[in-house]
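A.B. asks: Take a look at the following structure, please.
The values are calculated or read from the model by the stated rules, or taken from the named source; none is laboratory data. This is a predicted model, so every value here is computed, not measured. For accessibility, only protein heavy atoms count, side chains too; no ligands or nucleic acids. Shrake-Rupley method; radii C 1.70, N 1.55, O 1.52, S 1.80 Å.
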Amino acid sequence: QVQLVESGGGLVQPGGSLRLSCAASGIIFNMYTMGWYRQAPGKQREVVATITGSSSAAYGHSMKGRFTISRDNAKNTVYLQINNLKPEDTAVYYCNAVYTTLNFWGQGTQVTVSS
């Protein structure tokens, strides 16, 4: 059974930082491209960043700079570091795992940026 379990979300003030984690089980982790997506209320889900098994990272439009994706294949975990958080970063952040036609999602973790 595949599980992607996100953690690290919460309420943070503007300008703060968070590190989200996604622990994967039930997959051969280093074969999967992992990704972080987010969905704000009333908006479509959008890609934040993806990272291949060999740690080649790519970022969504306007995401590069404040967001850093990384992975630890030994721990089956992918991370998203978010710095200088802004109110518009408020969203549910989802972990994603893709390998060929296999595509799995986590349940999401809420990030709220507010003073």
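A.B. asks: Restricting to the chain, compute how many DSSP beta bridges are antiparallel as a %, nearest 5. Working shown, then result.
C.D. replies: Numbers: 39 of 43 bridges.
The antiparallel proportion sits near 90 percent.
A.B. asks: Next up: With a 1.4 Å probe and every protein chain kept in, tell me what percent of the accessible surface of the chain is carbon plus sulfur.
C.D. replies: The C+S portion of the solvent-accessible surface of the chain is 48 percent.
A.B. asks: While we're looking at this one, here's another question. Connecting C-alpha atoms closer than 10 Å in a GNM of the chain, tell me which of 20, 80, 102 has the biggest fluctuation.
C.D. replies: Checking each option, the largest mean-square fluctuation is seen for 102.
A.B. asks: Let me check against my output: what whole-number percent is the relative contact order of region 1-44, with C-alpha pairs under 8 Å and at least 6 apart?
C.D. replies: Normalised by residue count, the contact order of region 1-44 is 39 percent.
A.B. asks: Any idea what the alpha-carbon Rg over 2.2 N^0.38 Å comes to for the chain?
C.D. replies: It is 1.00.
A.B. asks: How much length is gained on full extension from residue 64 to residue 47, taking 0.36 nm per residue of separation minus their Cα-Cα distance? Working shown, then result.
C.D. replies: Values: separation 17, 0.36 × 17 = 6.12 nm, distance 1.14 nm.
Length gained between residue 64 and residue 47: 5.0 nm.
A.B. asks: Here is a follow-up. Select from 67, 104, 29 the residue whose mean-square fluctuation is largest in a Gaussian network model of the chain (Cα-Cα springs shorter than 10 Å).
C.D. replies: 104
A.B. asks: Write down the accessible area per residue of the chain in Å², having rolled a 1.4 Å probe over the full set of protein chains.
C.D. replies: 54 Å²
A.B. asks: Output the relative contact order of region 1-111, whole-number percent, from Cα pairs under 8 angstrom with separation of 6+ residues.
C.D. replies: Relative contact order comes out at 34 percent.
A.B. asks: Also, quick follow-up: If the cut-off is a Cα-Cα distance under 15 Å, which aspartates and glutamates reach residue 75, setting aside same-chain residues fewer than 8 apart in sequence?
C.D. replies: Residue 75 reaches 6.
A.B. asks: Excluding same-chain residues fewer than 8 positions from residue 64, which lysines have a Cα within less than 24 Å of its Cα?
C.D. replies: Output for residue 64: 43, 86.
A.B. asks: Convex hull over the Cα atoms of region 23-74, averaged projected area in nm²?
C.D. replies: Over all viewing directions, region 23-74 projects a mean Cα-hull area of 4.4 nm².
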